[in-house]
Amino acid sequence: MVSAVFHSPLDVAAAQSAPSAPPKPAASKVAAPQPVPAPAPEPRTRAPLDLRAFWMRVLPPLAGFGLLLLIWEVVAMKSTTGFPTPTATWQQAVTVFSDPFYSKGPNDQGVGWNVLSSLQRVAMGFGLAALVGIPAGFAIGRFEFLSRMFNPLISLLRPVSPLAWLPIGLLVFKGANPAAIWTIFICSIWPMVINTAVGVQRVPTDYMNVAKVLNLSEWKILTKILFPAVLPYMLTGVRLAVGTAWLVIVAAEMLTGGVGIGFWVWDEWNNLNVANIIIAIFVIGIVGLVLEFALIKLATAFTFEEVKS
């Protein structure tokens, strides 16, 4: 027996007009999202070489040395006294520096020993000057009474020629080596005293007022306020003092004798060996340049402003 179900036309129309239910998601397994690959790093582009800046740094020094060699060659060609040419001086320099540390007695030693002896005297005289000059500069800059007391003496003694102090050293110390060290000491102390005192006097007044409000001791003022503020000035004085000391030692050793680059120059002059004198001039200049460069780098590390030579 077959039964049939008849629906009303209204029911059919309502069923067709009714919104259909959203389809249920399939029961299939959803795949996990794949990781997005990281973007490839961009290749580093090398900055283009500024040839103009490079040649502007290289060409002027080369042109200066070339001009020096040209003038030197012309003078040697025009000279009637056997002035050595650059080529002859270079050959002699190769011979001199092939064995710079030979020793054949107290008055015949290589250029290396002479330079080391001069540097030792400079270190001793300069070290003593720093031990005395830097504290004296702090005291003179800190206290007005000491500033008024010592400023006339410094102004009087500072312009005195370095060699004028050498006879005083010979008279007092009874020896050439202590006299040379004394000359270095007295001539290199002034830049350190003056620059340190100026640095102390230029410390902002607000810093000192804060120290008074906090009732800081003099030691705290020196170590926490004055020393950090004065350090760039002090290092400038040290740099100037080293240059002065290296200049003085050459002249002092010419007069006192012994072992040293100044004595070596004078001894070669007595032997009429002009090539060695020119070599000594270049050695003195190179050593002074190295000392200057090292102290400029040291001063630059402790100051915010560019330290210029």
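Laboratory data are not the source of any read-out in this text; all were calculated from the coordinates shown. This one's a predicted model, so the numbers in the text were calculated from it and none came from an experiment. Virtual Cβ from ideal backbone geometry, glycine too; neighbours counted across all protein chains shown.
For this structure, a couple of remarks:
- Put simply, the Cα atoms of the range 113-301 extend 69, 37, 22 Å along their principal axes, the longest span coming first.
- Note on Y102 and L216: with the Förster distance fixed at 45 Å, the Cβ-Cβ geometry gives a FRET efficiency of about 0.15.
- Sequence ranges 189-196, 247-254, 107-114, ranked by mean other-Cβ count within 10 angstrom, highest first: 189-196, 247-254, 107-114
- For the range 47-112 versus the range 205-282, the gap between their alpha-carbon centres in whole angstrom: 27
- Panel order for R239, R202, R142, by other beta carbons found within 10 Å of each beta carbon, from fewest to most: R202, R142, R239.
- Positive dipole terminus of the range 169-309, leading residue within W182, V172, P228 (C-beta point charges): P228
- The slack between I286 and V58, meaning 0.36 nm per residue of separation minus the straight C-alpha distance, is 80.2 nm.
- Distance between modelled label sites at Q201 and L272, nm, 7 Å Cα→Cβ extension: 5.5
- The phi-based Karplus calculation (6.51 cos²θ - 1.76 cosθ + 1.60; θ = phi - 60°) puts the 3J(HN,Hα) values of the range 276-293 at 5, 5, 5, 4, 5, 4, 5, 5, 4, x, 5, 5, x, 5, 5, 4, 5, 5 Hz, whole numbers, x for Gly and Pro.
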